[in-house]
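First the structure, in the form of structure tokens, and then the observations on it.
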Amino acid sequence: MEVIDCTRLSVTVLLKSPAVSRSKPAGDYSSDGADLSVTMVFTHSKRMRSSSNSHLHARLRSQRGFSLLELLIVILISGILAAVAIPQYVTIVRNQRIRGDAHSLAGNTSVAKMRAGADFTQARIYLDLAANSFRVDDWDQTNNCWHPDTTAAGTCANGTPGRTAILLSEGVTPGLGGVGAPPPNTTAGLSQASPCTDNTRVGTVAGTACIVFNSRGMPLNGVPGGLYIRDTKNVYGVTVNASGMVQTWSAPLSGGGWTHQ
């Protein structure tokens, strides 16, 4: 802080620049009111500068940033939290994807069952093993072809996925993984359902699996195989028993017991 010696400065001014009053005789160099006012001004200036410097130092102290150590501690804590949270988040997202796909597949299987009874015809849930998609078809008795659900009347599937196909989520594909046995009290063996038929209802479409319902809402040819999808950790299956009841199951990919969903 700069300090000004106001007393010495005022004396210097008096010696070099004496203020001579017109009302005093010559030779009288005593200081008058002007000298006092100069001294007061300088004294006031000293006080203002001291106060200003104090405020500046206080403001600089209040604006002090973080130290390097503090920043490193924050980064370390953030890294630990990320290492714990990110794997759990990835697991939750993966489980939600395959679980949602399985329930959607089961829901559309139930739609096929109801469509067969409502239209008094056959209907099926069509799983495309290569395209990772599924859809509902019903048999068009007028045009003698499989008609994708929700499309215009007279539209034939022609064995293709069609625009109404529902895609499986990223990382989810049809498959059985390492599971060796079917869900309890469902099918005799573990396998995808039989391949879907083309519009002749005799030939089959490679790389597909279908569960077909008759007009009473029961599966054709007794108990079909299931529809199974998998990701990197789990297998989910949709099965239909002889009475037409649709069930959803899950099991670890590496093998193990099935859990009813």
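The length gained by stretching the chain between residue 119 and residue 141 to full extension, at 0.36 nm per residue less their Cα-Cα distance, is 6.9 nm.
Beta bridges assigned by DSSP with both partners in region 92-260 are antiparallel in approximately 95 percent of cases.
So how far, in whole Å, is the C-alpha centre of region 62-116 from the one of region 217-261? If you average the Cα positions of each part, the centres end up 27 Å apart.
The simple spin-label model puts a point 7 Å past each Cα toward its Cβ; for residue 198 and residue 150 those points are separated by 2.8 nm. Determine, from the Cβ-Cβ distance of residue 89 and residue 253 and an R0 of 25 Å, the FRET efficiency 1/(1 + (r/R0)^6), rounded to the nearest 0.05. So, using R0 = 25 Å, E works out to roughly 0.80. Label point of residue 130 set 7 angstrom out along Cα-Cβ; within region 188-206, amide nitrogens under 13 Å from it belong to 205-206. Summing +1 for each Lys or Arg and -1 for each Asp or Glu among the other residues whose beta-carbon sits under 14 angstrom from that of residue 124 gives -3.
Counting neighbouring beta carbons within 10 Å and listing from fewest to most, the residues 126, 236, 89 come out as 89, 236, 126. Cβ crowding within 10 Å, taken as a proxy for footprinting-reagent exposure, orders 233, 113 from fewest neighbours to most as 233, 113.
Let's see if you can work this out: charge +1 on each Lys and Arg Cβ, -1 on each Asp and Glu Cβ, no other charges. What is the dipole magnitude of region 92-260 about its Cα centre, in debye to the nearest 20? Walk me through the numbers on the way to the answer.
On the way: 12 positive and 10 negative charges, 70 e Å.
Rounded to the nearest 20 debye, it is 340 debye.
Using the Cβ-Cβ distance between residue 261 and residue 166 with R0 set to 22 Å, the FRET efficiency works out to roughly 0.75. Between amide H atoms placed 1.01 Å from N, distances below 5 Å from residue 175 occur with 228, 229, 230, all of them 5 or more places distant or on a separate chain.
From most to least packed by mean Cβ count within 10 Å, the peptides 242-248, 225-231, 198-204, 211-217 give 225-231, 211-217, 242-248, 198-204. Taking amide H as placed 1.01 Å from N in the peptide plane, the amide H of residue 129 sits under 5 Å from that of 208, 209, each at least 5 places away or on another chain. Amide H to amide H distances under 5 Å link residue 235 with 251, 253, where only residues 5 or more positions off or on other chains count and H is placed in the peptide plane. Quick one: grab the alpha carbon gyration tensor of region 205-255, order the square roots of its eigenvalues as a ≥ b ≥ c, and give me rounded if a/c is under 1.5, else prolate or oblate depending on whether a/b is larger than b/c. Oblate shape, in that a/c is at least 1.5 and b/c is the bigger or equal ratio. Summarising the label geometry, the points placed 7 Å from Cα in the beta-carbon direction at residue 173 and residue 97 lie 1.3 nm from one another.
Neighbour counting of Cβ atoms within 10 Å sorts the residues 173, 239, fewest neighbours leading, into 173, 239.
Computed from the coordinates by the stated procedures, all read-outs in this text should not be read as laboratory data. Note that the coordinates shown come from a computational prediction; the quantities given were computed from them, not determined experimentally. Cβ sites come from the backbone with ideal geometry, for glycine too, and all protein chains shown count toward neighbours.
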